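The values are calculated or read from the model by the stated rules, or taken from the named source; none is laboratory data. Quick caveat: nothing in here was measured; it's all calculated off a predicted structure. When we count neighbours, we look across all protein chains shown, and the Cβ atoms used for this are built from the backbone with ideal geometry, even at glycine. Surface areas here come from the heavy atoms of the whole protein model, side chains and all, with no ligands, DNA or RNA. Shrake-Rupley method; radii C 1.70, N 1.55, O 1.52, S 1.80 Å.
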There are 2 protein chains.
Amino acid sequence: MVDESGRHEDAYEAVFSALAHPARRRVLLTIYFNGGSMAAGEIAAVFSHAWQTTTRHLQILEAAGLLSSARDGRMRIYHLERKRLDLIRDWLAHFTITPDPTKETP
Amino acid sequence: MVDESGRHEDAYEAVFSALAHPARRRVLLTIYFNGGSMAAGEIAAVFSHAWQTTTRHLQILEAAGLLSSARDGRMRIYHLERKRLDLIRDWLAHFTITPDPTKETP
DNA sequence: CAAATATTCAGCATGTACGCTGAATATTGA
DNA sequence: TCAATATTCAGCGTACATGCTGAATATTTG
């Protein structure tokens, strides 16, 4: 996947950037503690932001693969993609392998 | 900790933002695979960026608590703070508790 | 069809991020 | 002390992020 400037938009960058904003972390937790799915309006109601602002946060989370969505009548239901969080665990796992014992600091 | 605009700069935000940039993730891995410590110049040599650009990345990583540093003669040694990565694991752990079985999606 | 509801799109202002260059600082060695 | 080495500070330009408001779209209900 390559963005408009030709730069490779790596999945790690999308996920970490998405999680960098407190409102977006709160969206994920809110959906999770609601059972995994919520309508856009229900999510927006949690925040004091204009609802259009929350819409954009939801789009960023979906672009990062952390949410999926489907229309249901006049509502849009967002669903938490918990598996996507494994990407972070995978990255963190790099730091659990001892890389070179001869250079280990005591 | 409160930043210049009076907003609480939460630790999660600092850490996730720091990890959002590919160069900064690479800095952490580079130091790790070098045994946990590296001089600023050694780190900068890995990148094609101007070294001043890497200096700023190092400062951001240090501000996020992911690196610590100490002068050693005319060099500055950066040390990886692996423990700080546990903050992310802690946040991810929120998603491993079943929140409300009555709302669970099958 | 018209009105109400739910959500998104488009555009604006402000602030921050990130690359750069040039100058400054600190330490070491001749 | 002077020159070399290692790093940081200051400032610039461009691009993007994030809040906002107003308009547009899609769907259901009367």
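So the values come out like this:
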{"read-out": "Within region A:39-68, considering residues that are within 14 Å of chain B (Cβ to nearest Cβ) and more than 13 Å from DNA strand D (Cβ to nearest atom), the one nearest to residue A:88 (Cα to Cα)", "value": "A:66"}
{"read-out": "Selected residue [touching a strand residue (DSSP E or B) at 6+ places or on another chain (Cβ under 8 Å), at pLDDT 95 or above and charged (D, E, K, R)] from A:62, A:42", "value": "A:62"}
{"read-out": "Matching residues, region B:42-66, being more than 12 Å from DNA strand C (Cβ to nearest atom), touching a Lys or Arg at 6+ places or on another chain (Cβ under 9 Å) and without any contact (Cβ under 8 Å) to a residue 40 or more places away in the chain", "value": "B:46"}
{"read-out": "Matching residues in region A:7-22 - criterion: being outside any strand (DSSP E or B) and open to solvent by 10 Å² or more (accessible area, probe 1.4 Å)", "value": "A:7, A:9, A:10, A:11, A:12, A:13, A:14, A:17, A:20, A:21, A:22"}
{"read-out": "Sole residue being modelled with pLDDT under 95 and open to solvent by 30 Å² or more (accessible area, probe 1.4 Å), chosen from A:74, A:84, A:89, A:26", "value": "A:74"}
{"read-out": "Residue ID - surrounded by the most Cβ atoms within 10 Å (Cβ to Cβ), chosen from residues in region B:29-63 that are charged (D, E, K, R) and under 16 Å from the mean Cα position of the chain (by Cα)", "value": "B:62"}
